[in-house]
Amino acid sequence: MGRDLGESITDKQYLAGCDIKNLSLFIEKARKQADGLSAVTLDYLARNYGTEYRQLIKLAREDKALSETLNEDGEIMAQVVFAVRDEMARTLPDIVMRRTGIGTLGNPGDAVLRKVARVAAKELQWSPERIEKEISDTVKMLKIPE
């Protein structure tokens, strides 16, 4: 296109949440933030959200319902709110498969999908019909092909 783009600076910039000099020390400090959250949850959040894990802890502290653990990995409901507010998630499949790890090992079950959908619905003003559609779409996506 004939334009000078200048020198690239991206090799000198951190991605959001990645400004961590010593990962082991960072995770050790994160685990000390307990306040009702398990070590498994704190470890998961620190490893997957980097320095942004503090925002998730803040959400969980402000609303205890968001500190509910969803799976053995330690994922919590606050991740759903964070996905909508900070990562532009707009659908349940997006939340379950891309913004969190809730569905990465398969269908987490109807109870978990409904809990996640209710929290997302509150954030996104979904109608009861929309909630059912989102759950149905997610179940279809998680179905293993025959």
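The values are calculated or read from the model by the stated rules, or taken from the named source; none is laboratory data. None of the values given here were measured: they were computed from a predicted structure. We place every Cβ from the backbone using ideal geometry, glycine too, and count neighbours over all the protein chains shown.
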Query - Hits in region 23-58 (condition: among the hydrophobic types (A, V, I, L, M, F, W, C), touching a strand residue (DSSP E or B) at 6+ places or on another chain (Cβ under 9 Å) and crowded, with 16+ Cβ neighbours inside 10 Å) - result: L37, L45, L56
Report task. Only residues that are surrounded by fewer than 15 Cβ atoms within 10 Å (Cβ to Cβ) and assigned to a helix (DSSP H, G or I): list them for region 68-88, please. Result -> R85
Report summary line: I57 fails exactly one of (1) within 27 Å of P145 (Cβ to Cβ); (2) β-branched (V, I, T); (3) modelled with pLDDT under 95; (4) in a helix (DSSP H, G or I), namely (1)
